[in-house]
Amino acid sequence: MHREIHGWHSQALNKHMDIVMYGHYGFSLLLLPTAAADYLEYERFHMIDAISKYINAGKVKVFSINSINSESWLNNHMHPRHKAIRHTQFNDYVYNEVVPFIRNKTSADSPIIVAGASLGALHSANLYFKRPDLLDGVIAMSGNYDLSTYTKGYHDEDVYFNSPVQYLPNLNDAYLLPRLQAAKHIHILTGSGAWETPEASQRFSQILHHKGIPHELDIWGPDMPHDWPTWRAMLPYYLETKF
């Protein structure tokens, strides 16, 4: 499998950020880490192995980036306002640096699907729903789509505007909403096993339905816990059947 590691000093984050790329051809799949992990997490936990046949066949070209969650909502030593600022800087990094990098490594019209599990599912969904003009879909696995889950009672505008279940009910933007209502790839997945919260995905699905946003809610069984074996089953299945 073709594999390249790149990196640059991020203007948005004011630090060096790495990115790994797998494959040569296909639509672009941008992976976000689960929690405070790095750009190689999906490789370490054998997700790249699990989807390798789609990479090698040229169906998908995969990009994986670092999280900065340890510098925001998972950092117990930061003031919540500073966490919110850092989160917004991360969004800017993805939109203004990662997306152009992917375009440069693929083509201007290559679809970009963003995906993640757990906290990565929230970030993936949020990134997509805020900018469906830049990103083309989302595969969100085992997520909770309210950022307030992680903010320990803190709330401000940035928490609101990074919580899809908070801002989507009020979204009536004439530019963004029609793009979401024409979406082809919004996949909300969850297990029903240990540590999973399928009700969070159901709540999110109800909001999307109310806004006329087409999507797929897929609740897997009680044998599917909130863990890597579940996500290693989900993502290959979706690459096989939905793309």
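The values are calculated or read from the model by the stated rules, or taken from the named source; none is laboratory data. Quantities reported herein were computed from a predicted structural model and do not represent experimental measurements. Counting neighbours? That spans all protein chains shown, and the Cβs are built from the backbone with ideal geometry, glycine included.
For this structure, a couple of remarks:
- Restricting attention to region 112-138, the residues that are in contact with a Phe, Trp or Tyr (Cβ under 8 Å, 6 or more places away or on another chain) and among the polar types (S, T, N, Q) total 1.
- No other residue among Ser72, Ser67 is touching a Pro at 6+ places or on another chain (Cβ under 9 Å), touching a residue at least 12 places away in the same chain (Cβ under 8 Å) and either closer than 30 Å to Ser192 by Cα or buried (at least 20 other Cβ atoms within 10 Å of the Cβ) (or both) apart from Ser67.
- If you go through region 3-37 and keep only what is farther than 19 Å from Ile113 by Cβ, loosely packed, with under 15 Cβ neighbours inside 10 Å and out of contact with any Leu (no Cβ under 9 Å at 6 or more places or on another chain), you end up with Arg3, Glu4, His6, Gly7, Trp8, His9, Gln11, Asn14, Lys15, His16.
- When we screen Ala140, Ala200, Ala182 for residues that are of a type in the set (A, V, I, L, M) and farther than 29 Å from Arg81 by Cβ, the only hit is Ala182.
- Exactly one residue out of Leu235, Leu189, Leu217, Leu134 is in contact with an Asp or Glu (Cβ under 6 Å, 6 or more places away or on another chain) and either hydroxyl-bearing (Ser, Thr, Tyr) or closer than 29 Å to Ile48 by Cα (or both): that is Leu189.
- Against the conditions (1) in contact with a Ser or Thr (Cβ under 6 Å, 6 or more places away or on another chain); (2) touching a residue at least 24 places away in the same chain (Cβ under 8 Å), Leu135 satisfies every one except (1).
- For Lys152, the conditions (1) in contact with a Gly (Cβ under 9 Å, 6 or more places away or on another chain); (2) modelled with pLDDT under 95; (3) not acidic (Asp, Glu) are fulfilled apart from (1).
- Condition met for Ser124 (under 13 Å from the mean Cα position of the chain (by Cα), farther than 19 Å from Ala183 by Cα, buried (at least 20 other Cβ atoms within 10 Å of the Cβ) and touching a residue at least 12 places away in the same chain (Cβ under 8 Å)): no
- Residue match in region 155-172 (condition: in contact (Cβ under 8 Å) with a residue 60 or more places away in the chain, touching a Phe, Trp or Tyr at 6+ places or on another chain (Cβ under 8 Å) and more than 14 Å from Asn126 (Cβ to Cβ)): no
- Summed over region 204-237, residues that are in contact (Cβ under 8 Å) with a residue 40 or more places away in the chain and either among the basic types (Lys, Arg) or touching a Gly at 6+ places or on another chain (Cβ under 6 Å) (or both) total 3.
- Helices (runs of 4 or more DSSP H) lying entirely in region 1-76 (those with 2 or more residues that are within 28 Å of Thr149 (Cβ to Cβ), of a type outside the set (A, V, I, L, M) and at pLDDT 95 or above): 41-44
- If only residues of region 102-120 that are assigned to a helix (DSSP H, G or I) and touching a residue at least 24 places away in the same chain (Cβ under 8 Å) are counted, the one that is surrounded by the fewest Cβ atoms within 10 Å (Cβ to Cβ) is Lys105.
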